[in-house]
Amino acid sequence: MNRRQFLHTSGLAAAGVAAVASGAVLIAPDGAWALQLHALDEHAARTLLVMSRRLYPHDTLGDMYYAKVVEDLDGGAKDDKDLAALLRDGVDTLDKAVGITWLDLSEGNQLKVLTGIENTPFFQKVRGQTVVSLYNNPLVWRHFGYEGPSYQFGGYINRGFNDLAWLPEPPETASPKAG
């Protein structure tokens, strides 16, 4: 190992140790991203990530987009002990629902468990945060082809209102005659 490789490797190791020492870390299975946690443990974070994916599934979105939901929930729980308890207890409820860890259930059984708790404050909190964190993310907008809000450009009339390249032209009979 040359000096450059040693410094690079030891620097990465030191960064990893520092991150782990400062709290829990949620790491993508492929190592493509990591999320430092402040209030949640790794199991709760992974459960919430999968839960948000089950609530709003998009096969073409990677887990990194759903990790934003977990990051926002964790950030809120860091400053709000009641929220931290709600999330901890909610994950515990999921895990105890059928006597096996919720993450170990099939997707269909995970959905059945979620359906059974959909009126609880825990479910509503995670559902609401998923809507905000997932769909208010400009990277997700780009993925779906949404150009973002247009108010700063004068509204949709002047920006994209008639931008329907993906639809066929309607027949003349579909539009009323100007009078």
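The values are calculated or read from the model by the stated rules, or taken from the named source; none is laboratory data. As the structure is a prediction and not an experimental result, all values here were calculated from the model. Every residue, glycine as well, gets a Cβ built from its backbone with ideal geometry; the counts of neighbours run over all protein chains shown.
Numbers below:
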item: Residue list for the stretch 122-139, filter: surrounded by fewer than 12 Cβ atoms within 10 Å (Cβ to Cβ) and free of Cβ contacts under 8 Å to residues at least 60 places away in the same chain; result: GLY128, ASN136, PRO138
item: Enumeration of residues in the stretch 43-63 that are over 24 Å from ALA24 (Cα atoms) and part of a helix (DSSP H, G or I); result: LEU55
item: Breaking point among (1) modelled with pLDDT under 90; (2) surrounded by fewer than 16 Cβ atoms within 10 Å (Cβ to Cβ), for ASP79; result: (1)
item: Flag for THR115 being touching a helix residue (DSSP H, G or I) at 6+ places or on another chain (Cβ under 6 Å), within 30 Å of ALA39 (Cβ to Cβ) and at pLDDT 95 or above; result: no
item: Test: residue in the stretch 75-95 that is within 19 Å of ALA24 (Cβ to Cβ), assigned to a loop (DSSP other than H, G, I, E, B) and over 18 Å from the mean Cα position of the chain (by Cα); result: yes
item: Selection count, the stretch 96-117, where residues are in a helix (DSSP H, G or I) and among the hydrophobic types (A, V, I, L, M, F, W, C); result: 5
item: For TYR66: the one exception among (1) touching a Ser or Thr at 6+ places or on another chain (Cβ under 6 Å); (2) at pLDDT below 95; result: (2)
item: The listed residue being at pLDDT 95 or above, in contact with a Ser or Thr (Cβ under 7 Å, 6 or more places away or on another chain) and within 21 Å of PHE144 (Cα to Cα), out of LEU94, LEU55; result: LEU55
item: Among (1) of a type outside the set (D, E, K, R); (2) within 19 Å of the chain's Cα centre (by Cα); (3) more than 20 Å from GLU71 (Cβ to Cβ); (4) at pLDDT 95 or above, the one test that PHE144 misses; result: (4)
item: Any chance ARG127 is assigned to a helix (DSSP H, G or I) and closer than 21 Å to LEU37 by Cα; result: yes
